[in-house]
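Colleague: Structure provided below as structure tokens; questions to follow.
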Amino acid sequence: MDEKTIELLEFNLIRERVADCARSDEARERILREKPFTERDKVTRTKQAASAIVSRITGGGAEPQGRLPAIGALLPVLNVEGASLGVEDAFAIGSFVREGGALLRWLGDMEAAAGTPDCSAVEREVFRVLDGNGELRDLPELRRIKERIAALNREVQTLSASYTNNENLRRMLQSDLPSQRDGRLVIALKHQFKGRIRGIVHEVSASGQTLFIEPEEIVEKNNKITVERRRFDEEVRRILRDLTAKIAAGREALSLFHERIIFLDTLRARARYSNSAGGVFLSPDDAPSGGGQPGAIILRAARHPLLGVKAVPIDMLMTARVLIISGPNTGGKTAALKTAGLFVLMNQFGLALPLEEGSALPVFESVFVDIGDDQSLEKSLSTFSAHISTIAAILRDAGDASLVLLDELCAGTDPAEGGAIAMAILDSILEKNCFCIVTTHHGALKNYAFSNSRVENASVEFDPATLTPVYRIVMGLPGESRALDISRHYGLSAGLVARARSYLDEGRGDVSALIAGLKEKNRAAEDGLRELALEKQRLLEERRQADLRELRLRQKEAELREGAVGSLRRLLDESRKTLENLVREVKEGEVSREKTLKVKEFLLELDRAVDRESENLGTMQAELYEQEKAIMGDEDGPAGTEIRPGLTVLAGGKRLRGKVRRPAKKGFWVVEIGSVSMTFPEKELVVEGRPQTAVKPASVSIDYRLPAGAIAPELNVRGMRLADAIEALQRHIDSALVLGLNEISVIHGKGDGILQLGIHDYLRGQNVVAGYHFSHPDMGGFGRTEVTLNR
């Protein structure tokens, strides 16, 4: 992409704004040299990195604000053996490493920062010698020299004072204050007293009345000061040579560090611009649709970034290879074309775009533009010939991964011939399989789009009442130029416009009528589609209501069958009497294997009958549940739930194994555990075989851990009368003996202690009871009794 394209689309202005967001002059210069990338992977990586940095900026972490000094020109010095950096240069390198390290720490484990070497040793060495202001620290080797210089200066000041304090000598001086000449202390002696004080004359005033003389006794002291200063300078040079050598030892790492930090600063500049301008980083999936060729251009509410608050959002959907935009002057055709081209360049520069989600832009290998007037007297080029010259170069270089933007194609010449040339140019562009956006007033091109499936018309909407643009693109329809109306609006007389209208030939009028008719048909088609959508919605609702009525009938059937299962369960309870007789026979007679098997077979047969009916009911409920979900759009069930009737689950905090029967109220399910159905919240149900997570224990009154058909080892008699509780306990003990259990539990609660005392009195009189005691406090304490049975 050449600089002409960049300037015509005003991308150079965007690039300057991005460069101003850099924290280093080197990164700024690099950004100004960069052009939009053409490799899809590089575009993707750049946008991903910039997006990640925007997240850092908006995430609340303190972004490093320090400037990064320019050190690129200093790095070659480190390759010269024996070279020495100056204090300012060394300070620049140390500051760069310090600020670069802060940037790396702020970016954290971001992929773009990976592979940057650690140069903190360079920072430590530099700031061991220099302080935070770039001044030499008070190192011991320098301190001793400075102390000697200070002592000599005090001696010189004392000798100088001896002249100004002596009354006889003071009258010979022009000033009581000594001065400096070439770094040496001198006194101002009046000319008439020349020779009265022996010393070296350093300067004579312009008038000749004053001699600046260095007295002999001060000369020696000044000489010593000069020697010490030279020694100090030499020591500073030695320290800097040593520091330079230590920095040069890691010059390869430092060079890579410099390159990586400048690169990261260019990414940060993109992120800072994107964050301040606002916008969306388009997904990397928005590029080639296959075969390496670009896909569709989709812009939703795209706002030109250089117009600020004055920008009017536009929408563009370009799925054809060529899009022809027509419409009135000042309607926004060129603005739409330039917006699309600018967004392509910004996207391929790794920037967020001021548009809405759902937009998409391919990655193009090249973008060619012909906008504006390139006429040149020097080159003997008219407006038309200049355009044709540019288009010829575009046709020579464009390929199937190119975007071509042509404004007012083949304007400035005979309309008939210009239209013919324009169609031939578009034929060539289609042969090359380029993407192309064209603006035009040629009626021939509007018809051309209707006759070619790879070309699409579009128009900019215009308010005929106010003769002002609406800045909305209407896809699929060409637009009228409305030159006569606009001419009248901008000052041409009514008579002149009327005369011009009379010159319009009949064919031109037919085209205008055709366009107006197409617009009317388009509006009618849109109205028809809206009516069809409403009718479809009404029919779907009627079908849904019919399905719901059928579902309610089947649910009623299921409720009746559930009642039948309840009857079977009542039959099972009544059959306990038969069981009691069998148990009594066992107790009164000799316990034999045949009697035990007879009792177990009786119980199992009853439970099998109930289970068969329950299984049939569960199947029906599962089918009804799936049907209801399909009708209701899963609005009665939790979104995305895995629980459904018929599943085997682990329920509650104790993970009781059971089978899901049906949904209860919203968020709850009925689960059959053993011979008991209980309701659990969905969050306390785990499908058997899936990873389990801890849940809050369910509040249930019976804990069945045995398979279906067996009794529970725990009896809950809370709320019963004492007589009923004793009867239930007797049946429970009999059943436990038959099934071979030797430990059971009785939950009687604390309350007034009536159940507790009555149950303990009953247990003391039973021969089959070996012993009993209260449960551990964690298991119920005084509200629960553990019973041990004789085997």
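Each value in this text was obtained by applying a stated rule to the coordinates, not by laboratory testing. Since this is a predicted model, take the numbers as computed values, not measurements. Positions of Cβ are generated from backbone atoms using ideal geometry, with glycine treated the same way; all protein chains shown enter the neighbour counts.
Colleague: Taking a label point 7 Å from the Cα of ALA161 along the Cα→Cβ vector, which residues of segment 204-224 have an amide N closer than 19 Å to it?
Modeller: 215, 217-219, 221-222
Colleague: Calculate the FRET efficiency for GLU39 and GLU550 from the Cβ-Cβ distance with a Förster distance of 35 Å, rounded to the nearest 0.05.
Modeller: On the way: r = 60 Å, r/R0 = 1.70.
Efficiency computed from Cβ-Cβ geometry: 0.05.
Colleague: Also, quick follow-up: Hey, can you rank 24-31, 62-69 by average C-beta count inside 10 Å, highest first?
Modeller: Values: 24-31: 19.8, 62-69: 15.0.
Packing order, densest peptide first, comes out as 24-31, 62-69.
Colleague: Could I ask something else about it? Among 170-179, 643-652, how do they line up by average Cβ neighbours within 10 Å per residue, starting with the highest?
Modeller: Numbers: 170-179: 14.1, 643-652: 19.2.
Result, highest mean Cβ count within 10 Å first: 643-652, 170-179.
Colleague: Further question on the same structure: Measuring from centroid to centroid over Cα atoms, what is the spacing of segment 645-665 and segment 192-228 in Å?
Modeller: Spelled out, the Cα-based centre of one part sits 110 Å from the other.
Colleague: Right, another one. Amide H of ASN716: which non-local residues (sequence gap of 5 or more, or other chain) have their own amide H closer than 5 Å, using H built in the peptide plane?
Modeller: Under 5 Å from the amide H of ASN716 lie the amide H atoms of ILE747, each far enough along the sequence or on another chain.
Colleague: Then there is this: In whole angstrom, how long is each semi-axis of the equivalent ellipsoid of segment 202-349, when you take the square root of 5 times every eigenvalue of its Cα gyration tensor and sort them from largest down? Mind showing how you got there, number by number?
Modeller: Working: eigenvalues 1000, 147, 26 Å².
Semi-axes (√(5λ), whole Å): 71, 27, 11.
Colleague: Next question, about the same structure. By per-residue mean of other Cβ atoms within 10 Å, what is the highest-first order of 130-139, 312-321, 343-352? Can you show the working numbers first?
Modeller: Details: 130-139: 12.3, 312-321: 18.2, 343-352: 25.2.
Descending mean neighbour count gives 343-352, 312-321, 130-139.
Colleague: Okay, moving on. Out of residues 5 or more away from LEU353 or on other chains, whose amide H comes under 5 Å of its own, with H placed 1.01 Å from N in the peptide plane?
Modeller: Residues meeting the amide H criterion: VAL280, PHE281, LEU282.
Colleague: Here's something else I'd like to know. Calculate one ³J(HN,Hα) per residue across segment 12-29 by plugging θ = phi - 60° into the Karplus curve 6.51 cos²θ - 1.76 cosθ + 1.60, and present them in order as whole Hz with x for glycine and proline.
Modeller: Per residue, the Karplus-derived 3J(HN,Hα) values read 4, 5, 5, 4, 5, 5, 5, 4, 5, 8, 6, 9, 9, 5, 5, 5, 4, 5 Hz.
Colleague: If you don't mind, there's one more thing I want to ask. Post the alpha-carbon centroid distance, segment 242-276 to segment 388-458, in whole angstrom.
Modeller: One Cα centre to the other: 47 Å.
Colleague: If one computes the Cα centroid of segment 16-64 and of segment 708-780, what distance in Å separates the two points?
Modeller: Taking the Cα centre of each part, segment 16-64 and segment 708-780 sit 76 Å apart.
Colleague: Please go through the residue pairs LYS4/LYS333; LYS146/LYS194; LYS35/LYS310; LYS47/LYS246; LYS35/LYS432; LYS338/LYS536 and name each one whose alpha carbons sit more than 30 Å apart in this structure. Intermediate values should be presented prior to the final figure.
Modeller: Values: LYS4/LYS333 20 Å; LYS146/LYS194 35 Å; LYS35/LYS310 27 Å; LYS47/LYS246 38 Å; LYS35/LYS432 24 Å; LYS338/LYS536 41 Å.
Correct reply: LYS146/LYS194; LYS47/LYS246; LYS338/LYS536.
Colleague: So what J values fall out for segment 397-407 if you push phi through Karplus, 6.51 cos²θ - 1.76 cosθ + 1.60 with θ = phi - 60°, rounded to Hz, Gly and Pro as x?
Modeller: Each residue of segment 397-407 in turn: 9, 6, x, 6, 10, 10, 10, 10, 10, 10, 9 Hz.
Colleague: Provide the three semi-axes, in whole Å and in decreasing order, of the ellipsoid equivalent to segment 122-251 as defined by the square roots of 5 times the Cα gyration tensor eigenvalues. Could the numbers behind the result be given before it?
Modeller: Numbers: eigenvalues 352, 39, 27 Å².
They are 42, 14, 12 Å, listed from largest to smallest.
Colleague: At q = 0.13, 0.17, 0.22 Å⁻¹, what log₁₀ I(q)/I(0) does a Debye calculation on the Cα points of segment 102-176 give, no solvent, two decimals?
Modeller: -0.68, -0.84, -0.99
Colleague: Specify whether the C-alpha gyration tensor of segment 304-369 places it in the rounded, prolate or oblate class, a ≥ b ≥ c being the square roots of the eigenvalues: rounded for a/c under 1.5, otherwise prolate if a/b is larger than b/c and oblate if not.
Modeller: Details: a/c = 1.59, a/b = 1.12, b/c = 1.41.
Since a/c reaches 1.5 but b/c is at least a/b, the shape of segment 304-369 is classed as oblate.
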